[in-house]
Amino acid sequence: MRRRNGSEKYALFVAIAVGAGVPGVAAHADTLEDVQAQMKLLQGKVSELEQQQQASQRKQDAVAASAVTAGATKGSLRLPGSNTSVTVGGYVKLDAVFSNPSAGVNSTADLFLQPNAIPVGPGAGDNEHDQVKFGARESRLFVKTSTPTAWGDLTTYVEGDFYGADGNESVSNSNGPRLRHAYGALGHLLGGQTWTNFMYVPSLPETLDFGGPVGQVFDRQAQLRWTQAFDAGRTLGAGQWSIALENPESVVTGPGGASFRADDDHVPDLTGQVVFGTPRGKIRRIRHRARGSRRFPHTGRCRSARGRRAQRRRRHSGDRQRRLAVRRDRR
């Protein structure tokens, strides 16, 4: 009986344990399902947040792409959606000029120096005396762009002032715009209108008068130019040479003052320039050969120097220039 009672007690204990364990398994199953449901809900929230973040980033990218930012060069702006830097500039200038005598009625020579318009001879006193002129025609505007490429920076430059068609001084002074520079450059190659390769631009002195000093080499030409830097050794240092094909056009002035234009230009002018840099300044050698006119063929060459040594050794006659008296349209 004792053995039977022991077996019954053991069986009852197992039954009670099994019966007591069923609610624990069910509770565990409920907890796992809740956790899985919560994880699924959290995954949905995370996915929703990621979508919102991506939408916000797309909006920010769109705004950044359409925004104007600082360009690669000083004072420039970068065009939206590109790597082109644009610089816009210029200046406004008012000239107040007193002339005695004046250069004549409606003459631009009353605003800046034009040597050929200075009144001389018996009729010089016929012009007005104590003439006062105001003008803002020298005011200037320019637009410059720069775009990096595999062949170097691609640059463009356009500049103009208001010394174009004359305006009516009694009504609106509406002087027309005038093109000064318009060119593009890629690496060593330049094409367009700018200073002629025959002149050395840094040698132009700073003057308040728009006309500048008398006797300077001055011209702007449509051209195709190649410029190359080189090393000239320890004595001369770094330098550069340039060669250009330029628009052939000349105005010839005779001894009596009469001038005429030779309209038989067949090939472009060819100009070459070499600049040597030294510790005391720059030495320049220019050769110019114009074959554009069969009637007036001419060649020219000049050597010039700029710097402290040049100031001590400066010579007259335009730095030993030998060429015909060819008058170009001025500024």
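The values are calculated or read from the model by the stated rules, or taken from the named source; none is laboratory data. All of these numbers come straight from a predicted model, not from anything done at the bench. Because the Cβ atoms are built from the backbone with ideal geometry, glycine has one as well, and the counts that use them run over all protein chains shown.
Tabulated values for the structure
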item: Any hit, the range 83-96, residues being touching a residue at least 24 places away in the same chain (Cβ under 8 Å) and in contact with a helix residue (DSSP H, G or I) (Cβ under 8 Å, 6 or more places away or on another chain); result: no
item: Hits in the range 66-79 - residues which are under 18 Å from the mean Cα position of the chain (by Cα) and either surrounded by 14 or more Cβ atoms within 10 Å (Cβ to Cβ) or not in a loop (DSSP other than H, G, I, E, B) (or both); result: T69, A70, G71, T73, S76, L77, R78, L79
item: R261 in the same structural domain as G277 (by TED's automatic domain parsing), of a type outside the set (V, I, T) and within 20 Å of H181 (Cβ to Cβ); result: no
item: Filtered residues of the range 183-206 (kept if exposed (fewer than 15 other Cβ atoms within 10 Å of the Cβ) and closer than 27 Å to V92 by Cα); result: G184, V201, P202, L204, P205, E206
item: Verdict on G187 being touching a strand residue (DSSP E or B) at 6+ places or on another chain (Cβ under 9 Å) and at positive phi; result: yes
item: Strands (runs of 3 or more DSSP E) contained in the range 209-279 and holding at least 1 residues over 30 Å from A117 (Cα atoms) and touching a strand residue (DSSP E or B) at 6+ places or on another chain (Cβ under 8 Å); result: 220-231, 238-246, 269-278
item: The range 94-110: number of residues that are crowded, with 20+ Cβ neighbours inside 10 Å and touching a Lys or Arg at 6+ places or on another chain (Cβ under 6 Å); result: 1
item: Strands (runs of 3 or more DSSP E) lying entirely in the range 87-203 (those with 3 or more residues that are of a type in the set (S, T, N, Q) and at pLDDT below 95); result: 140-149
item: Single residue of A229, A238 found to be surrounded by fewer than 15 Cβ atoms within 10 Å (Cβ to Cβ) and in contact with an Asp or Glu (Cβ under 7 Å, 6 or more places away or on another chain); result: A238
item: Of the criteria (1) out of contact with any Ser or Thr (no Cβ under 7 Å at 6 or more places or on another chain); (2) assigned to a loop (DSSP other than H, G, I, E, B); (3) surrounded by 13 or more Cβ atoms within 10 Å (Cβ to Cβ); (4) among the hydroxyl-bearing types (S, T, Y), which one S82 fails; result: (3)
